[in-house]
Every structure is written in structure tokens, then in C-alpha cells.
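Quick notes on the structure that follows.
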Amino acid sequence: MPGERAEMLRGVTNRLDELEIVMKGTEDHRTRILVAVAKNLLEWRVQVRKMKSVYETMNMFSIDVTSKCLVAECWCPVIYIPHIQEAMLEAQRESQTAIPSVLTRIETMETPPTLNITNKFTTGFQAIVDAYGVGNYGEVNPMPFTCVTFPFIFSVMFGDAGHGLIMALFGLWMVLKERGLQRKDWGEIWDMFFGGRYIILMMGLFSIYSGFIYNDVFSKSMNIFGSQWKAPDLPENSTVFYPQMTLDPQNETYEDSLPYPFGIDPIWQVSTNKILFLNTYKMKTSVILGVIQMMFGVMLSIINHIHFKRYSNIFLEFIPQVIFLAGIFGYMDFMIFWKWFLYDSTNSGCAPSILITLINMFLFKSGTDTDPCYLSVPLYEGQTLVQTILIVVVVICIPWMLVIKPFWLRHLYNRARGPQIIYNTGVHDSSQSIEMTTNRSEFNNVEINEIKVTIDEPGNSKSPPGAATGGGGGHGGHGGDGEFDFGDTFIHQAIHTIEYCLGSISHTASYLRLWALSLAHSQLSEVLWNMVYIMGYTGELSLIYIFFA
């Protein structure tokens, strides 16, 4: 019995050894296969994705049973048609098929989708424009103008040459190293920064320019051309870092010569009335820039009106919009410039308030008073008459935009329908007459057809239906097929009119954030300099040590 047990034990041991050898060989074989697969895994993944994309695209095709082929209908830019034909020929040569692919252009009245062709530089700016809405086919694309206005408006808020230099260098680094950085997967935030690398570069360059205008480099000013002010004698208790002086052009501290050649005089950096001066300067500049940009946006809409041949929109929307914007806020900018030219340091204390003058303008107040320093003293002769005329014209522009266009569209619809014929197939009494508005002598010669009218300008049959114009030209509910609904058109026009009138006011006030953020940025930079660098600086410490501490 012990011999049998020993024999069985040896057999089990041999089988275990064989299984271990098989398992080890299997593991080695699996390792070799996985190592070989790992070398081609990326390539296979790309091939699978390509095949999946091909099959997914082919599923969108329709099957032509008679011709035994697949037919696909899609939109493509006209300039890309030669490239598509070349790609189809290349695919035919590589597949070695005798049946060529055919590309046929289809004539349709459907409105094509909007495609704005971009490159590496303009992609980010186009994404900003598309975030607010994609324009209809054929409308002017504001992206080229945004490439300049967006970084410039940012620089007005972020006007610091030092901080702008850091931003520009960061953007330039991403632009120069874009091929290597494109392969980096550092998260969603990095992808956002890298996608906007050209925007960051432009914002940095414009911030450097605005920083020189503000004469602000890390909250400090540069004395490049020499100050136009005489430095007063400092009191004995003053320090190097905190000189106290109030700049007044009426005293002997002002040089009677030309102004500072470029930007802000560096002496304002150490003046006690610096905030008062820069507040007024930046606030008025922000409003002026805002009104100019809004007016430019309205001016772009006339390109759309002319392109779509909707000339009535020029008289029914564009002109009243321009008058409304210029009559209120354009006049406000005029008063700002006129006040700058009319008042100097000798009579600036009696300068009228622009805000009070604008309020009196809406209240139809004359603004005159016996007090020579009254806040609403007239800026020029006949100011009350001019302001009254402007208010009356601005008020007229509101019903001009609201009422006239719906009635004009209804007139076009009725004219397009032509003469109306009342025809009854029932039995008529011999004494009953058939009423019809037609000049034809015989009723049987009149052909009755169902008419679908697309409300557009006369002679605009070539324009695709549904194509809208910019600057409100597409509103009004008259761009599609079907019957004309006057109520729906009037409601759309009312919404558009209210949006434009209230938007003009809110947008103008919104541009004051340029002033607010510029003031906040400069003050925070100055606090950082005075409270961290200067107060923490001693003879044994360096600025680098303070920065890293």
C-alpha cells in the first residue's frame, strides 16, 4: 500500500510539473503576443476609428436601387470642389475600381449653412463670435474686426506694460512651441489656454501699448520724455517713497509748454489727486470707445441689407437705429469733446456736468441759471433748442422702427398675391353677379393657382428663402414660406425694437466696466507694490526673496 501511494504521489507531482511548464509557456506566449500587439496598438486604433467613421458616414448615404449605387447629398464650399474631385480620383486609383465616383452640383433654394473659413490665428476669435451666435448664410462676418477690437478693449481694462509683457511672452511661447505642445494632454484648462494662444499674444501686445498710454509698468511710471511739471520742494518729514503733492496747473508747479508727448505724465504717479484725474479720464474714454464700437456694429448691418437687396430695411431699420444711437449717446460724446475744448484749468470749476445735462435734456429743462457755476449751465448757444429737437427725433424713431415695417411687409404681400377672385362653384341665381377684381373680360380665361409668397424685396427672387440680414434685418417673421401673419410679424418687430432701444442704453452703461476694471487693476498693482515690496524691503532683504517668501 505505501508503494501505491508513493507511485500516485509521483504521478501527481509529474502532472503538476507538466501543468506548471504549460502555464509558464502559455504566459510567455501571451506576453510575446501582447508585446507584439502593443507595438501596433496605436496604429490599429487609428484604423478602427477610420473604419468606424467610414461606415458611420456611409450609413448616411441613400441607396439608389436602379443604379445600384450610394448617393449622398451634402453642403460643401464651392472653393473646395476641386479638392473633393481630386480626393475622389485618388481614392479610385488606390481602390483600383473601374467605376468612378461622380460629383454633381444640385441647384436648390434652401438656405446653405454658414461656414466661416479660419486659420490658426483666427480660430479663437471666430469661436468668441460664434459663442454669441452664428450669422446666417451671406451675412457679414464680424470676426476680422474682432481680431482688433477684442484685444484692444481688453487692454483698456488691463493697461499695464509689465503685466502685458508677461502675457505676450506666454502667448509667444505657446505660438513658437505649438507643434510640440499640441501633443500635450495637460487637461481641459490647458487646452483652453492653448486654443487661445494667439488671443493671449494679441491681448498682451495691446496691453503693452495701453500700458505706455497709461504710463503704467507694474504700477510705476516711466519718465522717458521728462515731466512737464516742476517738482515742488518736499517737506522735511516726507520720504522717498511717499512724496505728497497736489498737481494744479494754476500754480507755479506747471511748465507753460507743450503737453507730455506720449501718454500720461509720470508726475501723476506721486500726486494726491491722481485718482480724481484718472477716474475722469478713463470714464469718459470708456464711454467714447463704447459708443464708437456700437455705432460701427450698426454700420455693418447696411452691408447685409445691400447684399440681400432689402433696401427697405435701410429706411425702416438702419436709419432710425443710427439716429436713435447718435441722437442720445453720440450727442453725449459730442458734449464730452466739446467740454474738453471749451474748458481749461482757469474755468474748469464751472464746467457743467455731462450727466446732469443729459438728464435735463430728457426733462426738457433749459439748464440756465444765474449762478455761473451751475452744474447744467449751457455748453453753447441754442443748446436747449438742439436738445429738444434731438429728443423729438429720437422719440419719433421708436414708432418708425416699430410700426412702419410690418405694414410695409403686409403691403408687399398683398401686392405679390395680385388680384383676388371670389369664385363659388355652387348654383347661383341668375340675378346674382360674380364679384372679381380683374381686368379680363372673360372669366373662363382666368387661371387660378395656389400662390405661396416669400416676403422679400421686389426682384429678390434669387435670394434663398429664410436668409436674414444683420443688425435686425432678419427679424419680422417674413423670411419663410407660407402665409403672411401680420400679428406675428408685428410682435417680432416689437421685440426687436425694444431690444435695440433698451440694449443701446444698457450697453453704453456696460462699457463703464472698462473704467472700473482699469481702476481696480491699477490700484491693486499699486497696493502690491507699496504694501509688499516697499514695506517689506530692508537693507538685508532683496525683492526676489520677498517675492518668493
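Nothing in this text is a laboratory measurement; each read-out follows from the coordinates by a stated rule. Remember, predicted model here, so these are calculated numbers, not experimental data. FYI the Cβ positions are ideal-geometry reconstructions off the backbone, even for glycines, and counts take in every protein chain you see.
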Filtered hits (lysines, Cα-Cα < 23 Å from Lys120, offset >= 8 within chain) -> Lys177, Lys184
A correct Karplus calculation of ³J(HN,Hα) over segment 485-491, with 6.51 cos²θ - 1.76 cosθ + 1.60, θ = phi - 60°, whole Hz and x for Gly and Pro, returns 10, 5, x, 5, 5, 5, 5
In nm, the gap between the two label points placed 7 Å beyond Cα toward Cβ at Val65 and Val148 is 6.1
Phi-derived 3J(HN,Hα) across segment 32-42 with the Karplus relation (6.51, -1.76, 1.60, θ = phi - 60°), rounded Hz, x for Gly and Pro, is 5, 5, 5, 5, 5, 5, 4, 5, 10, 4, 5
Rounded to one decimal in nm, the spacing of the 7 Å Cα→Cβ label points at Glu4 and Glu381 is 14.0
Among Phe194, Val129, Phe154, the residue whose Cα sits farthest towards the positive end of the charge dipole of segment 121-235 (+1 at Cβ of Lys and Arg, -1 at Cβ of Asp and Glu, taken about the Cα centre) is Phe194
From fewest to most C-beta neighbours within 10 Å, the residues Arg415, Arg410 line up as Arg415, Arg410
The lysines whose Cα lies under 24 Å from the Cα of Lys405, excluding any fewer than 8 residues away in the same chain, are Lys309, Lys452, Lys462
Once the in-chain neighbours fewer than 8 apart are removed, the lysines whose Cα is under 20 Å from Lys339 read Lys282, Lys284, Lys365
Stretched fully, the stretch from Ile33 through Ala127 gains (0.36 nm per residue minus C-alpha distance, one decimal, in nm) 29.3 nm
In debye to the nearest 20, the charge dipole size for segment 2-60, taken about the Cα centre with +1 at each Lys and Arg Cβ and -1 at each Asp and Glu Cβ, equals 480
Taking placed amide H atoms and a strict 5 Å upper bound, the residues 5 or more places from Met245 or on another chain that come that close are Thr272
Checked against the positive end of the charge dipole of segment 2-60 (+1 on Cβ of Lys and Arg, -1 on Cβ of Asp and Glu, about the Cα centre), the farthest of Ala38, Ala6, Met23 is Ala38
When Val134, Val287, Val12 are arranged by how many other beta-carbons sit within 10 Å of their Cβ, fewest first, they go Val12, Val134, Val287
Residues whose modelled amide H sits under 5 Å from the amide H of Arg310, counting only those 5 or more places away in sequence or on another chain, are none
The FRET efficiency for Gln85 and Ser353, from their Cβ-Cβ distance with R0 = 56 Å and rounded to 0.05, is 0.25
Final fewest-first order of Thr104, Thr97 on the 10 Å Cβ neighbour count is Thr104, Thr97
Between His507 and Gln96, the FRET efficiency computed from the C-beta separation at R0 = 56 Å comes out, to the nearest 0.05, as 0.35
Taking placed amide H atoms and a strict 5 Å upper bound, the residues 5 or more places from Cys69 or on another chain that come that close are Asp64
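Starting from segment 68-138, pick out the GluC sites (Glu not before Pro) whose DSSP state is loop and whose Cβ has at most 13 other Cβ atoms within 10 Å.
Filter output for segment 68-138: Glu73, Glu107, Glu110.
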Cβ-Cβ cut-off under 10 Å around Phe484, Lys and Arg +1, Asp and Glu -1: the net charge is -1
Each label sits 7 Å from Cα toward the beta-carbon; between Leu363 and Thr114 the label points are separated, in nm, by 4.3
